1. If only one of A:99, A:95, A:144, A:84 is surrounded by 15 or more Cβ atoms within 10 Å (Cβ to Cβ), facing chain B (nearest Cβ under 10 Å) and touching a Gly at 6+ places or on another chain (Cβ under 8 Å), which one is it?
2. Against the conditions (1) surrounded by fewer than 21 Cβ atoms within 10 Å (Cβ to Cβ); (2) in contact with a strand residue (DSSP E or B) (Cβ under 9 Å, 6 or more places away or on another chain), where does residue B:336 fall short? Just the number, please.
3. Tell me which residues, restricted to the range A:98-120, are among the polar types (S, T, N, Q) and within 14 Å of the chain's Cα centre (by Cα).
4. When you go through B:386, B:367, B:356 one by one, which is the residue that is within 12 Å of residue B:290 (Cα to Cα) and within 14 Å of chain A (Cβ to nearest Cβ)?
5. Testing residue B:369 on (1) touching a helix residue (DSSP H, G or I) at 6+ places or on another chain (Cβ under 9 Å); (2) surrounded by fewer than 24 Cβ atoms within 10 Å (Cβ to Cβ), one condition comes back false. Which one is that?
6. Any idea how many residues of the range B:178-236 are within 14 Å of chain A (Cβ to nearest Cβ), surrounded by 22 or more Cβ atoms within 10 Å (Cβ to Cβ) and over 18 Å from residue B:3 (Cβ atoms)?
7. Go through A:13, A:48 for me and flag whichever is in contact with an Asp or Glu (Cβ under 8 Å, 6 or more places away or on another chain), surrounded by fewer than 24 Cβ atoms within 10 Å (Cβ to Cβ) and of a type outside the set (Gly, Ala, Ser).
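The values are calculated or read from the model by the stated rules, or taken from the named source; none is laboratory data. Predicted, not measured: the structure shown is a model, and the values here were computed from it. With ideal geometry, Cβ positions are generated from the backbone for all residues, glycine too; neighbour counts draw on all protein chains shown.
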Amino acid sequence: MIVEGPVLKFGDKIDTDIIIPAKYLKYTDPNYLAEHAMEPLDPEFHKKASRGVILVAGKVFGMGSSREQAAIALKAAGVKAVLAESFARIFYRNAINNALPVIVVPGVSREVKEGDSVKVNVETGEVMINGNRTLKGKGITGMALEIIKVGGLVNYLNSAR
Amino acid sequence: MPTLTEKILSRASGRKVEPADVVEIRADLVAFHDLTGYHVIEVMEKVGRTQVWNRDGIVVAFDHLAPPPDVRSAEIQSKIRSFIRESKLPNFHDVNFGILHEILIEKYVNPGYVVLAADSHTTTSGALGAFAQGMGASDIAAAAITGKTWMVVPTPFKVELRGTPAKFVTGKDVALKLLGDFKADYFNGMSIEVYVEKPHDFPTDYRATVSNMGIEMNADALMFVPDSETKRYVKQMRGYEPQLVTPDQDANYQESYTIELDKMEPLVAAPHSVDNVRTAREVQGTPVDQVFIGSCTNGRISDFEIAAKILKGRKVKTRCIAIPASYDQFMKAMNSGLIHTLAEAGCVITYGTCGPCLGGHFGIAGPGETILSTSSRNFKGRMGSPDAKVYLAGPAVAAATALKGEITDPRDVE
């Protein structure tokens, strides 16, 4: 499974109150949530992401609350994958459950800059940067990969019956 | 020899586990609140399975939207009430009971339990030695249906609390010390097991604050090793003595850390990060518009005892909001005169709601305002406007700050 696109870059400790503020949590509609993704940092984020982008971030991306809307909002806004030095556990699971590939890539926040074009092999974790350099991340395999492939945990549970 | 983490997860998975194992485990309790509960139910409906695995194993409490601040919140609560009625779930707590995590430790959790809930602060139940962790709506829906989940066994980390807390030092200061010393990403993939040298000098109220903020440390769980204080608390709240599940004497930890409680002083986390930790003295004099004493982090009787002691016979200079975390804590505070003291000092008081902690209602932060809060998060925009600043601290710093209108070390207002 390959995803590719231009990079939007963020720093360390991007928390879920940044990714989708609590005032939007009374709804689960992906399109509504997408419009407010990353709003406290960049109200224009959803416009920039709509062409299909790869997010690159630092440590513990998605720390904080358990709100599943954080993963839903990013995916619906146009984020095809998130590459980070590390992820907060709850966000990581929520992303898989909503078919948003999340890949731990050591060194990614140093080696990749905003606007770079990256190509990511979700299974092997290999990241090609601007067609000429690679970084090795932790690929997604097993049940998590199956969940992503069928479009999330709801589809996975439905297809397993 | 097994740590508490390994003991609990071995029992719950039916096999001997080690750190980094990926295991399927059975839950003892699965819980959700209003703001995540409707989403959990939505997922259950989407997969066409609305039967829960065990009615007694589900706990539901309304807290984030309690009482409803708008029409949509009321609608969300109605939807959940219908589900509770149709599913005949006995452990339901409507708007007049309290915050989910407080209710879990008051009424349901026993040492050694596995607790899964659709809220990150589920780690709070670690105060009683339970392996408790938050998850998203889909994972909790799956757990409610099957009674099971999968997880990666975390690496246990030992923390020892030695001595007796210095004046005005409580659970919040210990949580902030761990965050300041290790930073917010260090414990990712670990479970923290806390040993208390003098159990009754660091009571369950304090422990609940530290466990609560385990998620701010990005720990998978933060558990206090059950001891005589755990027994005392459960007996006092529920009338029975719980069985204690404890690590083996020679349990093996790769890393450990010791905190000398008598050498500590009151701490705060400055904007906009939980690990931006300073002493109260370092930031004293910072003008504050509003103080909030409450939340699942610091909304317990000991918090209001400390605040009332500082505010007795005096008037606050900030807006001050005080919210005991549950009906039980509120009634105890009322019967012992603490509510009277806080109201006389000028605090606005209710109970059993998350209120302003997540910028929901009952005191949202405006642009340019500075808040000092006993809650758990000071992320940009967390308590309202992204242009507000939030400082986190324990109840003593909060009360002293309300009294002076600026951040104040409580040792200066005695």
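1. A:95
2. Answer for residue B:336: the failing condition is (2).
3. A:98
4. Going through B:386, B:367, B:356 in turn, just one is within 12 Å of residue B:290 (Cα to Cα) and within 14 Å of chain A (Cβ to nearest Cβ): B:356.
5. (1)
6. Matching residues across the range B:178-236 total 7.
7. Exactly one residue qualifies, and that residue is A:48.
For every residue, the table says whether it meets (1) part of a strand (DSSP E or B); (2) in contact with a helix residue (DSSP H, G or I) (Cβ under 7 Å, 6 or more places away or on another chain).
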site: A:81; (1), (2): yes, no
site: A:94; (1), (2): no, yes
site: A:114; (1), (2): no, no
site: A:134; (1), (2): yes, no
